[in-house]
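> My questions all concern the structure below.
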Amino acid sequence: MGRPSQGRLDLCALRHNAGVARQLAPHSKIMAVVKANAYGHGAVTIANALQAQVDALAVACIEEAMELRYAGISAPILLLEGCFEEQEVAQAAQLDLWITIENERQLRWLEEARLPAPISCWLKVDTGMSRMGVMPHLAPAYFQRLQATHNTRGEVVTYTHFASADDTRSQQTAQQIATFDALPFAGPRSAANSAGVLAWPNSHYDWVRPGYMLYGDSPMLESHDNARTLEPVMTLASAVISLRDVAAGQAVGYGGTWVAQRASRIATVAVGYGDGYPHKAPNGTPVLVNGQRASLAGRVSMDMITVDVTDLSFIEQGSEVVLWGAGLPLAEVAHCANTIGYELITRMPARTPRVVVRD
Ligand SMILES: *Cc1c(COP(=O)(O)O)cnc(C)c1O
């Protein structure tokens with residue numbers, strides 16, 4: 001079997017989570033966000049598993065869309081940041097992609113392009129996140145120009161993105177929705193990311209755009225009822241490869257940052273920051289060994305971690321270890337490492353095999 005560290009994928013969980021989004025937003029179409037290699041899970045695997053269940057996919061750039069098209073994915077695919085260069089407009093039309101328009105330059109490229117076929121356009125409006133999108137007072141003019149050009153196909157969808165929907169106490173989401181609702185033109189609308197789907201029913205409109213929740217973890221800052229049934233899609237798993245007993249006072253790992261307070265048993269596990277496990281995870285970060293909670297003891301190495309298993313029974317070489325996923329929420333580990341679950345999964349390198357264990 002070789003090195004035991006792997007990202008185990010449960011595609012039933014993926015489809016279950018898409019079903020949760022569908023149930024929460026029953027009157028909206030679903031655009032599944034699969035940018036950044038489907039948040040590290042493998043874009044082609046995820047798109048293939050979801051394609052029949054969702055109405056469209058979304059990625060960050062044309063290269064990501066090409067990977068999906070070349071793998072035979074035929075679902076509509078939206079480029080969330082639109083085109084970065086003029087020539088990409090024709091390429092996008094050729095690949096039958098949908099594009100975002102969010103600035104004057106992109107709109108002019110579209111208007112002036114000679115396309116093999118007209119292209120579906122989503123107009124992005126900045127309702128308060130101040131990152132992407134045209135200012136609300138300019139949106140009507142953009143909308144009119146998009147409707148006027150012969151290069152646009154079908155209805156123009158108007159969309160926006162939330163800055164703080166993960167925080168149910170924040171006023172910002174309600175303000176953004178009010179700004180969005182005040183736009184003085186018609187047509188389909190979209191606003192909700194995962195947090196919008198889960199916690200802001202009046203943000204669902206015609207299309208929802210969940211990403212993170214599909215992978216089975218809650219993006220909410222506090223626990224939320226609607227997120228309770230999400231199931232983790234990826235379990236980062238490995239195994240114990242070495243065991244030792246250390247005396248009280250003995251230091252473990254680089255820099256000797258963990259020192260045994262009592263006679264202790266240390267299990268070495270074949271996973272490290274070279275597999276996407278966060279280097280910043282401190283002593284005490286939870287790790288499951290044979291399904292029992294244990295704590296990280298000592299610094300994370302590139303290929304290994306050390307875990308205090310003194311209080312666990314029946315630990316041996318080959319014992320299964322779970323770093324996050326089934327039985328250990330990604331968000332909990334991310335919180336320990338002072339980051340977000342999005343970053344942990346998105347940064348998982350190709351070195352760690354993604355293995356479908358249930359489809
Ligand atoms: C990434 C992204 C999403 C999905 O966000 P999640 O928090 O992962 O659900 C939705 N819309 C846009 C524009 C995005 O960039």
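The values are calculated or read from the model by the stated rules, or taken from the named source; none is laboratory data. Values in this document were obtained by computation on a predicted structure and should not be read as measured data. Every residue, glycine among them, receives a Cβ derived from its backbone with ideal geometry; neighbour counts consider all protein chains shown. All accessible areas refer to the heavy atoms of the entire protein, side chains included, with ligands and DNA or RNA removed. Shrake-Rupley method; radii C 1.70, N 1.55, O 1.52, S 1.80 Å.
> So, for the chain, what is the accessible surface per residue at a probe of 1.4 Å, expressed in square angstrom? Write down the numbers at each step before the final one.
Working: 15550 Å² over 359 residues.
Per-residue accessible area for the chain comes out at 43 Å².
> When only Cα pairs under 8 Å and 6 or more residues apart are kept, what is the percent relative contact order across the stretch 44-95? Before the final figure, lay out the partial values.
Values: 47 pairs, mean separation 20.4, N = 52.
This gives 39 percent for the stretch 44-95.
> Taking the stretch 161-270 as the region of interest, what is the percent of Cα-Cα pairs per 10 angstrom bin, listed from the shortest bin to the one with the maximum distance?
The percentages, shortest bin first, are 12, 28, 16, 16, 15, 9, 3, 0.
> Which whole-Hz ³J(HN,Hα) couplings does the stretch 234-243 yield from phi under the Karplus relation 6.51 cos²θ - 1.76 cosθ + 1.60, θ = phi - 60°, glycine and proline marked x?
Each residue's phi maps through the Karplus curve to give 10, 10, 7, 10, 7, 8, 6, 10, 7, 9 Hz.
> A further question on this structure: Show me the chymotrypsin sites (Phe, Trp or Tyr not before Pro) within the stretch 159-225 that DSSP assigns to loop and that have at most 15 other Cβ atoms within 10 Å of their Cβ.
Numbers: sites: TYR159, PHE162, PHE180, PHE185, TYR205, TRP207, TYR212, TYR215; in loops: PHE162, PHE185, TYR205.
When the chymotrypsin sites (Phe, Trp or Tyr not before Pro) of the stretch 159-225 are filtered for loop state and at most 15 Cβ neighbours within 10 Å, PHE185 remain.
> Please express the Cα-Cα pair-distance distribution P(r) of the chain as a list of whole percents, one per 20 Å bin, running from 0 to the bin with the greatest distance.
Binned Cα distances yield the sequence 28, 49, 20, 3.
> Using a 1.4 Å probe and counting only protein heavy atoms, arrange CYS336, CYS121 so the residue with the most accessible area comes first. Show your work: numbers first, answer last.
Working: CYS336 45, CYS121 0 Å².
Ranking CYS336, CYS121 by accessible area, largest first, yields CYS336, CYS121.
> For the stretch 80-160, what's the radius of gyration and Dmax over Cα atoms, in angstrom?
Rg and Dmax of the stretch 80-160, Cα atoms, are 11.6, 36 Å.
> Along each of the three principal axes of the Cα atoms of the stretch 1-127, give the extent in whole Å, ordering the values from largest to smallest.
If we take the Cα atoms of the stretch 1-127, the spans are 54, 40, 27 Å.
> For the stretch 11-215, rounded, prolate or oblate, judged on the Cα gyration tensor with a ≥ b ≥ c (square roots of eigenvalues), a/c < 1.5 rounded, else prolate if a/b > b/c?
oblate
> For ALA21, what charge total do you get from the other residues with a beta carbon under 12 Å from its beta carbon, if Lys and Arg give +1 and Asp and Glu give -1? Spell out each step's value before the answer.
On the way: positive: ARG15, ARG22, LYS29, ARG209; negative: ASP55.
Around ALA21, the surrounding residues sum to +3.
> Magnitude of the Cβ-charge dipole of the chain, K/R +1 and D/E -1, about the Cα centre, nearest 20 debye? Provide the component values of the computation, followed by the final result.
On the way: 28 positive and 34 negative charges, 78 e Å.
The dipole magnitude comes to about 380 debye.
> Still on this structure, I have one more. Which value in nm describes the separation of the simple spin-label points at GLN91 and GLU343, placed 7 Å from the Cα toward the beta carbon?
So the two model labels end up 3.0 nm from each other.
> With springs only between Cα atoms under 10 Å, which of SER242, SER28, SER164 fluctuates most in a Gaussian network model of the chain?
Comparing SER242, SER28, SER164 in a Gaussian network model of the chain, the most mobile one is SER242.
> Same structure again: From the residues LEU198, LEU50, VAL322, which one has its Cα farthest along the dipole of the chain in the positive direction, the dipole being from +1 and -1 charges on Cβ of Lys/Arg and Asp/Glu about the Cα centre?
VAL322
> What does a probe at ARG293 reach in the stretch 217-249, counting residues whose amide N is under 14 Å from the point 7 Å along Cα→Cβ?
none
> Give me the net charge of LEU296's neighbourhood, meaning all other residues with Cβ under 12 Å from the Cβ of LEU296; Lys, Arg count +1, Asp, Glu -1. Mind dumping the intermediate values first?
Details: positive: LYS280, ARG293, ARG299; negative: ASP308.
Within the 12 Å Cβ shell, the charges total +2.
> Okay, next question. So how much slack lies between PHE84 and GLU111, counting 0.36 nm per residue of separation and subtracting their Cα-Cα distance, in nm? Numbers along the way, then the final one.
Details: separation 27, 0.36 × 27 = 9.72 nm, distance 1.53 nm.
Gain on extension, PHE84 to GLU111, equals 8.2 nm.
> Moving to a separate point now. Hey, which lysines would be in cross-link range of LYS124, C-alpha to C-alpha under 24 Å, not counting anything within fewer than 8 residues on its own chain?
LYS29, LYS35
> If you keep only loop residues by DSSP, which trypsin sites (Lys or Arg not before Pro) in the stretch 229-280 have at most 10 other Cβ atoms within 10 Å of their Cβ?
Working: sites: ARG244, ARG262, ARG265, LYS280; in loops: ARG262, LYS280.
Here the trypsin sites (Lys or Arg not before Pro) that fit, given the DSSP loop and packing criteria, are ARG262.
> Using only protein heavy atoms and a 1.4 Å probe, report how much of TRP98 is accessible, in Å² to the nearest 10.
Probe radius 1.4 Å; accessible area of TRP98 about 40 Å².
> Normalising by the residue count of the stretch 11-215, find the relative contact order in percent from Cα pairs under 8 Å and 6+ residues apart. The partial results should precede the final answer.
Working: 395 pairs, mean separation 41.9, N = 205.
Contact order relative to length: 20 percent.
> Quick one: which residues, 5 or more positions from SER120 or on another chain, have an amide H under 5 Å from its amide H? H modelled 1.01 Å from N in the peptide plane, none for Pro or chain starts.
When sequence neighbours closer than 5 places are left aside, the close amide H contacts are ILE99, ARG153.
> Which of these, SER238, SER130, SER203, has the largest mean-square fluctuation under a Gaussian network model of the chain (Cα springs below 10 Å)?
Taking springs between Cα atoms under 10 Å, the residue moving most is SER130.
> Same structure again: Among ASN193, ASN103, ASN37, whose mean-square fluctuation peaks in a Gaussian network model of the chain (Cα, cutoff 10 Å)?
Looking only at ASN193, ASN103, ASN37, the largest GNM fluctuation is found for ASN103.
> Using a 1.4 Å probe over the heavy atoms of the protein chains, calculate the carbon and sulfur portion of the accessible area of the chain as a whole percent. Let's see the in-between values first.
Numbers: 7790 of 15550 Å².
Of all accessible area on the chain, carbon and sulfur atoms account for 50 percent.
> Under a 1.4 angstrom probe, counting protein chains only, how are HIS335, HIS16 ranked by accessible area, largest first?
Working: HIS335 150, HIS16 65 Å².
Highest to lowest solvent-accessible surface, that is HIS335, HIS16.
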